[in-house]
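Everything on this sheet refers to the single structure shown next.
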Amino acid sequence: MIKPFWEDDEVLDTLAQRRWVVIDDAFDERFIEAMEQAVPWQGAASDLFHRAAIGRQAEQQVIREIRSDFIHWLDRGDTEAVIQYFWQQVDAMMEAFRRAFFLPINYYEGHVAVYPPGAFYKKHLDQFEKTSYRQITLILYLNKDWQEQDGGALRVYEADGSHTEVLPLAGRAVLMQSAEVWHEVLPARRTRKSLTGWFSCLPMEERFLGG
């Protein structure tokens with residue numbers, strides 16, 4: 001269901017040199033359909049989802065002027081077959097990134113994100129200000145039949161000050177260097193769905209706190 005794009009030298013080279021890369025047709029419709037059945041996507045109307053916050057642990061705050069999506073954190077203990085399958089793919093990616101970039105990556109955290117119509121996430125880095133744990137960001141887009149007029153593009157800021165807009169098309173994946181790539185999510189005009197997560201180098205005590 002998910003293609004092993006993390007084994008593609010061109011993908012890894014682009015991630016290293018440009019700091020981010022888009023992979024189209026990274027996974028198929030079977031994965032999207034299985035995720036839709038495993039997770040209730042109603043966002044605000046679902047007991048599983050809560051308003052996304054910014055900041056880390058005790059410093060977290062819900063600031064709707066900065067981000068207005070809803071999230072549900074993934075759990076390795078979830079017995080849904082597609083969730084277990086996804087964790088297996090995450091572990092394979094983690095091993096590939098360790099080898100390719102000589103990073104002591106030892107942890108992945110991720111969530112399902114739902115952007116209702118009008119929702120956005122202002123320009124930001126995925127690395128927290130006071131830590132350097134997050135190394136690589138992974139995003140998988142689950143939006144069937146998405147059109148340019150639906151909005152919700154990922155705007156990625158290049159090192160030279162220019163920017164590129166990436167539509168959240170079904171089957172599309174994005175990898176980014178978490179501490180280097182500034183980006184934002186532009187307002188969506190229909191419900192926008194994704195899997196977003198981070199490969200991190202966590203000290204043992206942080207891994208314990210993070211579960």
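Numbers below:
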item: Reach of K144 by Cα under 14 Å, taken over aspartates and glutamates that are not fewer than 8 positions away in the same chain; result: D24, D25, D28, E29, E33, E36
item: Area projected by the alpha carbon convex hull of region 103-211, averaged over all directions, nm²; result: 7.5 nm²
item: Relative packing of 9-15, 193-199, 166-172, which averages over residues the other C-beta atoms within 10 Å, highest first; result: 193-199, 166-172, 9-15
item: Those lysines that a straight Cα-Cα span of less than 19 Å connects to K123, excepting residues fewer than 8 apart in one chain; result: K193
item: Percent RCO, i.e. relative contact order, over the chain, from Cα pairs under 8 Å lying at least 6 residues apart; result: 26 percent
item: The chain: calculated mean residue ellipticity at 222 nm from DSSP helix runs of at least 4, using -39500 (n - 2.57); result: -7000 deg cm²/dmol
item: Added length on full extension, which subtracts the Cα-Cα distance from 0.36 nm per residue, K122 to D78; result: 12.8 nm
item: Alpha-carbon spread of region 5-210, three principal axes, descending order, Å; result: 41, 40, 37
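No value in this document is a laboratory result; all are computed from the given coordinates. Values in this document were obtained by computation on a predicted structure and should not be read as measured data. Cβ sites come from the backbone with ideal geometry, for glycine too, and all protein chains shown count toward neighbours.
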